[in-house]
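**Q** Here it is, the structure, as structure tokens.
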Amino acid sequence: MPRGKGERFLPAVKRPHIDTRDVLDTQFWALVYGVTEYEIRHAVNMVGSCADTVSHYLRFQERTACEARH
């Protein structure tokens with residue numbers, strides 16, 4: 001079942017950090033947030049490995065991209 005936009009960015013309760021050196025962890029977070037592995041690695045490079053912070057960054061990037069199209 002497809003997820004709504006708001007559901008893509010879930011708070012990280014049990015896995016608070018993203019380890020981009022671990023391919024499976026990167027793939028997991030890409031699925032959770034509905035983005036590519038490249039976007040996960042880029043977000044971690046920009047804001048650090050805290051999953052909640054990455055979530056906020058990705059949400060901001062999505063909003064900025066939507067506003068740029070209008």
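**Q** Out of all the residues in segment 42-52, which are open to solvent by 50 Å² or more (accessible area, probe 1.4 Å) and under 9 Å from the mean Cα position of the chain (by Cα)?
**A** Listed by number, the list holds a single entry, Asp52.
**Q** Please name all residue pairs, on different chains or six or more residues apart, with Cβ atoms under 8 Å, provided the first residue is in segment 11-35 and is open to solvent by 70 Å² or more (accessible area, probe 1.4 Å) and the second residue is assigned to a loop (DSSP other than H, G, I, E, B) and modelled with pLDDT of 95 or more.
**A** So the pair list comes out as His17/Ser49.
**Q** Sticking with this structure for a sec: For segment 18-38, how many residues meet the condition of being touching a helix residue (DSSP H, G or I) at 6+ places or on another chain (Cβ under 8 Å), in a loop (DSSP other than H, G, I, E, B) and acidic (Asp, Glu)?
**A** 1
The values are calculated or read from the model by the stated rules, or taken from the named source; none is laboratory data. This is a predicted model, so every value here is computed, not measured. Every residue, glycine among them, receives a Cβ derived from its backbone with ideal geometry; neighbour counts consider all protein chains shown. What goes into the accessible areas is simple: the full protein's heavy atoms, side chains included, and nothing from ligands, DNA or RNA. Shrake-Rupley method; radii C 1.70, N 1.55, O 1.52, S 1.80 Å.
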